[in-house]
Amino acid sequence: MALITSKPMFAKALKSDYAVGAFNISNLEFVQAAVAAAKAENAPLILQVTPSTVNYAGGAYMVKLAEAASESAGFDLVLHLDHGEDFEMCKKCIDFGFSSVMIDGSKLPFGENAALVKKVVEYAHAKGVPVEAELGKLAGAEDGLSVDSRSAAFTDPAEAAEFVALTGVDSLAVAIGTSHGAYKFKGEPYLDFDRLKKIHTLVPSTPLVLHGASTVPPAFVEKCNRYGGSIHGGRGVGEDMIRDAAKHGICKVNISTDLKLAMVAELRKYLAENPAEFDPRKYLSPGKEAVQGIVRHIIRDVLGASGRR
Ligand code: 13P
């Protein structure tokens, strides 16, 4: 068993109406939960870590954790760097043994973003590692932008086609209305499907990536707040929207917030009900189970990825 690239997973997903779940993990419990869920669903799996997790846990630890998870669960999986901020971070993770990387130059002007992506692609492809890039900006309710200025930041379809041709990137994250975190929408959730369809038509063989896809389940938020948390006005992407996006070129769906909410809600409950407990194996277990539950639900009921391994 090994860490594999996302290429065969995306080739399969692109031909069909499902998407592969990419779940952000930052410790042992999240790895175990995500892997157990994917195993139970016989689904393809991408584990991903951000640079802040690389700094928090250590890239070498994350590689060994992912390898151990793959070995003990008995299936190959992808370990992906999410939002690599510069060439050095991508190079470092490739050298650690990550099997996929993202270079996020989305804050840069088009030409600089493309040049940075090209540089990472050259290094990564020489090592057999595929690269994800991002074009357009993910702005959320928290950014305080008007609806018009939010959509002005969305991915331009013609630019997407030019960007893919210029850089040779393997997959492309698009901005169509989602954003990171628990506060995505002020009003009704909205994704720009016309834009997504245009992008997919112009780059039909490029797997597209949906960032910021957490659904922010109200039950997790309510439980968290009942036990001392303070999360107010959180709003996620509709499950049906994610399902529809998978029909128009979205092959990879990024989920982080939902896992964190599942963990913290159960952790708060457990600690409130067991004030004398101080064993992490006990107080982290209900959260680990809840993370497994939400990952399984997303794989099966939202992404349609059960049985696709
Ligand atoms: P969420 O915050 O919606 O889970 O998004 C995670 C993500 O896109 C990581 O890249």
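What tally of residues in segment 85-117 results from selecting those that are hydrophobic (A, V, I, L, M, F, W, C), touching a residue at least 24 places away in the same chain (Cβ under 8 Å) and not in a helix (DSSP H, G or I)?
Result for segment 85-117: 4.
Contact list please: Cβ distance under 6 Å, first residue in segment 181-200 and closer than 24 Å to Asn24 by Cβ, second residue open to solvent by 60 Å² or more (accessible area, probe 1.4 Å), pairs at least six apart or on different chains.
Filtered contacts from segment 181-200: Tyr183/Glu142; Lys184/Arg235; Phe185/Arg235.
May I ask you to verify whether Lys288 is basic (Lys, Arg), within 15 Å of the ligand (Cβ to nearest atom) and either touching a residue at least 24 places away in the same chain (Cβ under 8 Å) or under 27 Å from Pro207 (Cβ atoms) (or both)? Give the steps one after another, and end with the answer.
Numbers: basic (Lys, Arg): yes; within 15 Å of the ligand (Cβ to nearest atom): no; either touching a residue at least 24 places away in the same chain (Cβ under 8 Å) or under 27 Å from Pro207 (Cβ atoms) (or both): yes.
So Lys288 fails the test.
Here are some conditions: (1) more than 16 Å from the ligand (Cβ to nearest atom); (2) in contact with a Phe, Trp or Tyr (Cβ under 7 Å, 6 or more places away or on another chain). Leu47 meets all but one. Which one does it not meet?
(1)
Only helices (runs of 4 or more DSSP H) wholly contained in segment 180-269 count here; list those with 2 or more residues that are aliphatic (A, V, I, L, M) and over 28 Å from Asp148 (Cα atoms).
Values: elements: 193-202, 218-226, 239-245.
Helices (runs of 4 or more DSSP H) meeting the threshold: 218-226.
Take the conditions within 13 Å of the ligand (Cβ to nearest atom) and among the hydroxyl-bearing types (Ser, Thr, Tyr) and apply them to Thr201. Does it pass?
no
Restricting to segment 233-259, what's the tally of residues that are over 13 Å from the mean Cα position of the chain (by Cα) and either crowded, with 18+ Cβ neighbours inside 10 Å or at pLDDT 95 or above (or both)? Break it down stepwise before answering.
Looking only at segment 233-259, we keep the residues that are over 13 Å from the mean Cα position of the chain (by Cα), and these are 233-241, 243-249.
Of the ones still in play, those that are also either crowded, with 18+ Cβ neighbours inside 10 Å or at pLDDT 95 or above (or both) are 234-241, 243-249.
The number of residues fulfilling the criteria is 15.
Give me a count of the residues in segment 230-253 that are within 11 Å of the ligand (Cβ to nearest atom) and in contact with a Gly (Cβ under 7 Å, 6 or more places away or on another chain).
Qualifying residue count for the region: 1.
I'd like the residue in segment 196-230 that is surrounded by fewer than 21 Cβ atoms within 10 Å (Cβ to Cβ) and in contact with an Asp or Glu (Cβ under 9 Å, 6 or more places away or on another chain) and, out of all such residues, is nearest to Pro157 (Cα to Cα).
So the residue we want is Val216.
The values are calculated or read from the model by the stated rules, or taken from the named source; none is laboratory data. Since the structure is predicted, the reported quantities are computational estimates derived from the model, not experimental observations. Note: ideal-geometry Cβ built from the backbone for every residue, glycine included; neighbour counts use all protein chains shown. In case anyone asks, the SASA skips ligands and DNA or RNA and just uses the protein heavy atoms, side chains included. Shrake-Rupley method; radii C 1.70, N 1.55, O 1.52, S 1.80 Å.
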